[in-house]
Structure formats: structure tokens, C-alpha cells
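Written out below as C-alpha cells is the structure these notes cover.
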Amino acid sequence: MPKKIIVVKIGGSTLGKHDTTLVDLVELQKQGNSLVVVHGGAQVASDWLARLSIPTSFVDGLRVTDAESLKVVTAVLSGLVNKELVVAIQALGGRAVGLSGCDGNLLWTIMKNPELGYVGEIVTVDPAPLKLLLKESYMPMVAPISFGSVEGRVMLLNVNGDAAAGEIAAALTADKLIFLTDVDGVRDASGRVISRLNITEARALLRSEVATGGMVPKIEASIKALATVSTVHIIDGRMSHALPSVIAGESERSQLGGTSIVPG
Ligand SMILES: Nc1ncnc2c1ncn2[C@@H]1O[C@H](COP(=O)(O)OP(=O)(O)OP(=O)(O)O)[C@@H](O)[C@H]1O
Ligand SMILES: [Mg+2]
């Protein structure tokens, strides 16, 4: 089997503890695939913010990352969540190295919207550290923390995990970009899962606001990544062996379908 570069975003709700994701990642690595994992974990960060009694404000339903929150989010995502994932992969016999978007110049961002605080929008990706790790057969596990310049000062910036996965997949010209999430795929206005979407249809879904909330950055990231990646899949990470099934192309014959987003 030819060696494939596969970028996998694992969502906070499917961080691998209750499903087969981590076992599948190790198995796919053993089969010779080059895997890059980008993880979420916003819920774990929220839990810690609450434990530390750091108040959270929202603008239009979106969390504002202030200076105090940024410290906790960085510590939790690139510390606790990232290291627990790395250790879990190693415990299963896999080879993993954890890093964040700050490490090795991976994700350079600018502050997206000052109203939302220290949240970065990706400007450049330097995939060199990922390539180095893949060359040595490690699975890089990327925490969604980046760095960028704010009013002339270079600092940490939070970044959306879906956007990070999309930009990383594009920079690596990955064979596949797969989002593992907590729904069975992208749903249409009647609630049915759409098995295949092209870019035009995906844009229409965003415009019509049928896709909202956490689905929006996934679709936006997919559209951008499709400039170099041939297929993107958004699948239910809670289903057993969703990942190897979609990689083997079995999804159309099984219940694991999810949504494939294609260029044309
Ligand atoms: N059209 C749609 N089809 C499917 N899901 C949708 C749609 N519109 C909005 N959603 C929401 O998007 C959610 C998935 O995004 P969410 O950000 O919650 O998860 P995640 O990205 O996998 O995890 P995390 O953000 O913690 O990394 C679904 O649970 C669903 O509520
Ligand atoms: Mg999300």
C-alpha cells in the first residue's frame, strides 16, 4: 500500500477515550501511513476556566479569550490534553510527539477580531517540523495554539482546531483530511446527512445557515484545504473504526458514511 499523508482532526467530544480512535490511529501508523493529528479540547479548557473561577464573556455567542483565559487555554490544550493523547498513543504501541502551533514556527497567526480577544487567524504554515517527525515515523499531535504579532508584540494566540487542521493538510498536500466529530456528518435542512458535497454546495450550506456553530469552521477549512487535498471527510468519531473504514473507502457501503467534500 502506498504511504499516505492523512491529517485527522479529533474533536473535543471524541478525544479518544470512549471510542476506537486512538487504537485506529496506531494501527494506521503501523500500516505505514503518515498521520498528523490536530486535536480540540475546548470543553476541557472551559472546565479548567470554571475550576479556576476565571469568568468567560461571549460576543455573539462566541467565547472571548482574554489574557487570563489564554494562559489557561494554552496550559490545558498544549499541556494536559496534548500530553494525555501522546501518552495514550505510546501506551498502545504507537510513536507520537506532541507539539503546538507555536513550535517550530508551525502556525503564524494574526489577531482575527479584537472583540474576541487573543484568537488567531492563520497567516502562514511552516510544515517543516511535521515533515521532520513524519520522516522518523512519528505521529505529530498538534495542539491548537499558535503565535502571532499583536500591536507589535509577538505572543501566544488561541486558534481554531478545524482551521489548523485544514491549513496543515493544505501545507502538507495531504492525501486526506478527516474531521472526527460528534455528529454523523453534515446535515441538510431536513436533518438528513449529506453524503457528498462539492465546494459550491458547501458554500451554499454556509450561506443558508443550515450549517452553524462548530460545523462552520469545518466546512470553511475543508473548502480551503481542497485547493491541494483531494477529499475531505467529516465523520462520526464515536463510531467504532470510523477512521480506517473511511480511509479504505468503505464508507459508502457501511453505516459510517459521514460527509465527503470534493472539489468539483
Ligand atoms: N448542518 C449541520 N450538520 C451537522 N452538525 C451541525 C450542523 N450545523 C451545526 N452543527 C453542529 O456542529 C457540531 C460539531 O462541531 P463541534 O465544534 O461541536 O465539535 P468538534 O469540532 O468535533 O469538537 P471540538 O470543537 O471540541 O474540537 C455538531 O455537534 C452540531 O451540533
Ligand atoms: Mg469544534
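Brief remarks on what is shown
- Residues located in the stretch 163-205, provided they are within 13 Å of ligand 2 (Cβ to nearest atom) and over 19 Å from residue 119 (Cα atoms): 179, 180, 181, 182, 183
- Pairing each residue of the stretch 116-131 that is touching a residue at least 24 places away in the same chain (Cβ under 8 Å) with any residue that is open to solvent by 50 Å² or more (accessible area, probe 1.4 Å) and of a type in the set (Asp, Glu), provided the two are 6+ apart or on different chains, yields C-beta distances under 6 Å for 117/66.
- Residue match in the stretch 20-30 (condition: within 14 Å of ligand 1 (Cβ to nearest atom) and in contact (Cβ under 8 Å) with a residue 24 or more places away in the chain): yes
- Within the stretch 37-71, the residues that satisfy the criterion of being free of Cβ contacts under 8 Å to residues at least 12 places away in the same chain, more than 16 Å from ligand 2 (Cβ to nearest atom) and in a helix (DSSP H, G or I) are 50, 51, 71.
- Per the conditions (1) buried (at least 16 other Cβ atoms within 10 Å of the Cβ); (2) within 16 Å of ligand 2 (Cβ to nearest atom), the sole criterion not satisfied by residue 148 is (2).
- Top-ranked residue of the stretch 118-138 - restricted to ones that are assigned to a strand (DSSP E or B) and open to solvent by less than 40 Å² (accessible area, probe 1.4 Å), ranked as nearest to residue 169 (Cα to Cα): 125
- All of 208, 245, 260 fail the test of being open to solvent by 30 Å² or more (accessible area, probe 1.4 Å) and either away from ligand 2 (no atom under 16 Å from the Cβ) or among the β-branched types (Val, Ile, Thr) (or both), apart from 208.
- Residue in the stretch 186-201 that is touching a strand residue (DSSP E or B) at 6+ places or on another chain (Cβ under 8 Å), open to solvent by less than 70 Å² (accessible area, probe 1.4 Å), closer than 30 Å to residue 46 by Cβ and among the small types (Gly, Ala, Ser) present: no
The values are calculated or read from the model by the stated rules, or taken from the named source; none is laboratory data. Please read these numbers as outputs of a predicted model, since none were measured by experiment. So basically every Cβ, Gly included, is an ideal-geometry build from the backbone, and we count neighbours across all protein chains shown. Areas reflect the complete protein model, heavy atoms only, side chains present, ligands, DNA and RNA absent. Shrake-Rupley method; radii C 1.70, N 1.55, O 1.52, S 1.80 Å.
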